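Enquirer: First the structure, then my questions, so here it is.
The values are calculated or read from the model by the stated rules, or taken from the named source; none is laboratory data. Small disclaimer: the values here were computed from a predicted structure and weren't measured. All Cβ positions, glycine included, derive from the backbone under ideal geometry; neighbour counts span all protein chains shown. Quick note on the areas: whole protein, heavy atoms, side chains included, nothing else; ligands and nucleic acids left out. Shrake-Rupley method; radii C 1.70, N 1.55, O 1.52, S 1.80 Å.
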Amino acid sequence: MELVGSPLTATHAHPKSTPANFLPAISTMASSYKNRFPYYPLPRSFSLPWAPGAYYRTAAINPTLAPFSGSAQGLTPSKMLPFVSNRTSLFTRYTPDDWYRSNLTNYRESETSRHNSENLRVDTSRLIQDKYQQTKKTQGESTKNLGERVNDIEFWKSELCHELDEMIGETNELTDMKKRLERALAETEAPLQVAQECLLHREKRMGIDLVHDNVEKQLFTEVDVIRSCQERMQRYLDRAKAQLASNRAAQHELERDLANKQTAHRIDDKCHHLRNTSDGISYYRGVERVDATISVPDSWAKFTDDNILRSQSERAASAKLRDDIENLLVVTANEMWNQFNSVNVAFTNRIAETADAKSKIQTHLAKTLQEIFQLEMSIEAIKKAIREKVPPLKVAQTRLDERTRRPNVELCRDSAQLRLVNEVHELDETIQSLQQRLRDAEDTLQTLVRAKAVLEHDLAVKANSLFIDQEKCMGMRKSFPCTARLVGYV
C-alpha cells in the first residue's frame, strides 16, 4: 500500500458529495489513538506531495502493520512502531465529535435537497401549462402580422413597375452626350503626357541642376492647366457619368427593390401558410440571436417611396448638363494653347543659361588641376625632408643609449650628455613640425581634389541638363493637338 497522504488514490475509495466535510478513516494501529490533535491544514511548503482530495481517498484504506515501503521489508514490527508513531505526529486526525457533526451535516443537506426537488416539480407543472397558452397566442399573432405584410408588399410592387418603365427611356438619351465628352477628354492626354515626360526627364538632372527654375515652373503650370481642364472636363464627365450612373442606379434600385419585394412576397407568403404540422420545419439553433434586420416598417415604406422620387428627380437633371459641357470644351482648348507657348519660351532661355555656366566651369577646372599638380610636388618635398631627419635622430639616440652603459661614477651629466638630449628633442620637434606641415598639405590637396571632383561633376551635370532640355524635352514639344481635336469633334 502507499504512504498515507500520497496523491495516489485507492480504487475502492468512496468519495462524498461534499469533500470539505469528508473525514479520513482513523488508523487501527494502537499508537494512532494515543494523542488526538485538532485539524490544521498542511502548509503549502510541506516537503511531501499533497493533494486534499487524493489524501482523503487514500486515507480511507485501513492501514495494517505491514511495512510502508519496499525498503522496510524484513523489519520486525517492534522496529516499525516508532516510525508509525512518528508518522502520526506528522498528520492531522479528527475527534469523534467532528465525525458525528459531519454525519449530521450530510443528513440535513439531504433533507434540504429533497424539499427543493418537491417544490421544483410543482413549479414545473404550472410553468408547462402557462407556456403552452403563451406559445399558442404568440403564434397566432405572428400569423396575422405576416398576412398584413404580404398585402403591403403587393401594393408597392405595382408602384415600382410603373416608375421603372419611365426611367429606362431617360437613361438612353444621356448616353450620347457622354460619348462626345469622353472623346474630347482623351485628346488632352497627349499634351499632358508631353509635359509630364518633360518633367520626368528633367528629374534626371543631377546635383545642383535640380533647380526649381522658370522652365519647371512653367511646366508645372502647364500640367496644372491641362489637369485643370481635364478636371473640369472630368468633373462634367463625372457628372454625366454620375447622372447616367444615377439613372442606372435608380433603375437598378427599382429593379432590385422590385426583385426583393417579389422574393419577400414569396417568402412571407410561405411563412404565412406555415403551421405546426407543415413539412420542412426544423430547428435553427441561435437564429433568434441573429438580428439581420436593417429596417422598420416606416423606413421600409420610405425606402421604396424614396426610390420612386429619386428616379423622377434624376430624369429632370439630365437635360441641363448637356449645355454646360458644350461651353466647357471651347474654354479649355484656348487655355492649353496659351500655356504651351509660354513653356517653349522658358525652355529657350534656360538652355542659354546652362551653356554659359558650362563654359565657366571648364575654366575653373583647368586652374584647379594646375594647383593640384604643384601641391603634390610640395608634398613630395616635405616627405623627403622627413626621411632625411631619420638618420641624425637614430645617431643621437644610439649615442645616448651607449652612454648609459658607462660604469659607476662615469655616468656623468656632462655637456656631451646635455647636448645629445637637446639634439634628440630638436630632431623630434623638427620631424613633428614637418609631419604637421605634411598633414596640412595633404588636407589642402584633398580639398583641391574634392573641388576638382565637384567641378567635374558639375560639368557633367550641365552637359546632362543641356542634353535633357535641348534634345529630349524640346524634341517632344514639336507637336500639339489642333483645336478641333481638343473640342472633341474629331
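Enquirer: Give the carbon-plus-sulfur fraction of the accessible surface of the range 357-472 in %, rounded to a whole number; probe 1.4 Å, heavy atoms of protein chains only.
Expert: 54
Enquirer: Next question. Leaving out ligands, DNA and RNA but keeping every protein chain, what accessible area does Y94 have, in Å² rounded to the nearest 10, with a 1.4 Å probe?
Expert: Counting only protein heavy atoms, the figure is 40 Å².
Enquirer: Can you give the net charge of the other residues whose Cβ lies under 14 Å from the Cβ of R256, counting K and R as +1 and D and E as -1?
Expert: Working: positive: K157, R248, K261, R310; negative: E163, E253, E255, D257, D306.
Overall, the nearby charge balance is -1.
Enquirer: Ignoring ligands, DNA and RNA, what accessible area per residue does the range 357-472 give at 1.4 Å, in Å²?
Expert: Heavy-atom SASA per residue in the range 357-472 reads 68 Å².
Enquirer: In Å², and per residue, what accessible area does the range 134-241 have when probed at 1.4 Å with the other protein chains present?
Expert: 56
Enquirer: Carbon-plus-sulfur fraction of the accessible area of the range 190-297, 1.4 Å probe, in percent?
Expert: 54
Enquirer: Which value, in Å² rounded to 10, gives the accessible area of E314 with a 1.4 Å probe and all protein chains present?
Expert: 40
Enquirer: Run down the lysines and flag those whose C-alpha is under 22 Å from the C-alpha of K131, throwing out any fewer than 8 positions away in its chain.
Expert: K144
Enquirer: Provide the per-residue ³J(HN,Hα) series for the range 309-317, in order, calculated from phi with Karplus coefficients 6.51, -1.76, 1.60 and θ = phi - 60°, each as a whole number of Hz, with x at glycine and proline positions.
Expert: 5, 5, 4, 5, 5, 5, 5, 7, 7
Enquirer: Just add up the charged neighbours of A460: K/R +1, D/E -1, any other residue whose Cβ is under 14 Å from the Cβ of A460.
Expert: With Lys, Arg at +1 and Asp, Glu at -1, the neighbours total +2.
Enquirer: In vacuo Debye scattering of the range 359-429, one point per C-alpha: log10 I(q)/I(0) at q = 0.21 Å⁻¹?
Expert: -0.90
Enquirer: By per-residue mean of other Cβ atoms within 10 Å, what is the highest-first order of 400-410, 361-371?
Expert: Going by the mean number of other Cβ atoms within 10 Å, highest first, we get 361-371, 400-410.
Enquirer: Collect residues whose amide H, placed 1.01 Å from N in the peptide plane, falls under 5 Å from the amide H of D213; neighbours closer than 5 in sequence don't count.
Expert: Under 5 Å from the amide H of D213 lies no amide H from a residue far enough along the sequence or on another chain.
Enquirer: Given a 1.4 Å probe and the protein chains all in place, what does the accessible area of F373 round to, in Å² to the nearest 10?
Expert: Ignoring ligands and nucleic acids, F373 comes out at about 120 Å².
Enquirer: Treat the range 257-301 as a sphere of radius equal to its Kirkwood radius over Cα pairs and apply Stokes-Einstein at 4 °C in a medium of 1.567 mPa s; give the translational diffusion coefficient in µm²/s, rounded to a whole number.
Expert: 100
Enquirer: Which distance in Å, rounded to a whole number, links the C-alpha centroids of the range 297-374 and the range 223-253?
Expert: Taking the Cα centre of each part, the range 297-374 and the range 223-253 sit 18 Å apart.
Enquirer: Straight-line reach from K241: which aspartates and glutamates have Cα under 13 Å away, leaving out those fewer than 8 places along the same chain?
Expert: Result set, ordered by chain and number: E173, D176, E182, E314.
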